[in-house]
Amino acid sequence: MTKSPDTLKEARQDALSSLVAKEVQLVLARYDEVMEEHGQAQSCAADCRIASKSVSSPARRQAIHDDLAALASGFVDRLVAEAAQRLDADAGEKALLVASAGAIASTPAPRAAERKGDFMRIQEWAGQVAGPTYLEEHYGIPRSTLHWWQRHNDVVALRKGARKHVFPLAQFVDCRPAPGIRQVLASIANPRLAWLWLTRPCPFLDGRVPIEILRQDSADEVISAARDHSLR
């Protein structure tokens, strides 16, 4: 015959009570030993000796033992009841989390498609871009280095979604940012506008593309053109 949930719960409480009660008995036994040791080694003043004899007497120790046992028993009962309630609450919470996780896992495709769509839309106007993982695996650029470059405006970082960024690949030369990007971003602070300007023919440069000039290590005229562009 299958046991009911209430019966299983009671059995679990009894088992836990028995375990904790055994531990309490061990503590009480150790308490007796300590009391005896202190009673034999007492060497204080006369009033201390009187108190020691009173405490270390068999009747007094038995009374203390019984009182502690009663307190421990009540404590154990309360502990077991509280533990059972918490276990039941945790089980309900875990079930809710599992159900929520299952609901999220059942619809991964739209989210992946949305992320891919954002990526493709950026590439439509910015050219090839990549995230930190790709740059680390294929360009050998550690994430910490990339973060440092981004923080100091040495690279153009385009926002993808709420918090993530991608990086146009055309700005890297020999796995480093082309020189002059920091100065361009100082004149054109918005990264999107700066990258648009860098990748389009510029009238201040006789129709040449600024990023191509930076890639040829000719930063001075591009920096000057970016400053003139910002003053228009």
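Has the stretch 204-216 got at least one residue that is among the aromatic types (Phe, Trp, Tyr) and under 23 Å from residue 118 (Cα atoms)? Lay out the reasoning, then the answer.
Restricting attention to the stretch 204-216, the residues satisfying the condition of being among the aromatic types (Phe, Trp, Tyr) are 204.
Remaining after also requiring under 23 Å from residue 118 (Cα atoms): none.
No, because not a single residue in the stretch 204-216 is among the aromatic types (Phe, Trp, Tyr) and under 23 Å from residue 118 (Cα atoms).
Residues of the stretch 162-185 that are over 22 Å from residue 137 (Cα atoms) and of a type outside the set (Lys, Arg): 162, 179, 180, 181, 183, 184, 185. When each of 142, 210, 177, 168 is tested for being of a type outside the set (Val, Ile, Thr) and without any contact (Cβ under 8 Å) to a residue 12 or more places away in the chain, the lone residue that passes is 142.
Scanning the stretch 128-139 for residues that are open to solvent by 20 Å² or more (accessible area, probe 1.4 Å), part of a helix (DSSP H, G or I) and in contact (Cβ under 8 Å) with a residue 12 or more places away in the chain yields 132, 139.
Against the condition open to solvent by less than 10 Å² (accessible area, probe 1.4 Å), part of a helix (DSSP H, G or I) and in contact with a strand residue (DSSP E or B) (Cβ under 7 Å, 6 or more places away or on another chain), how does residue 225 come out, does it pass? Criteria met by residue 225.
The values are calculated or read from the model by the stated rules, or taken from the named source; none is laboratory data. Since the model is a prediction, treat every value here as computed from it, not as a measurement. We place every Cβ from the backbone using ideal geometry, glycine too, and count neighbours over all the protein chains shown. In case anyone asks, the SASA skips ligands and DNA or RNA and just uses the protein heavy atoms, side chains included. Shrake-Rupley method; radii C 1.70, N 1.55, O 1.52, S 1.80 Å.
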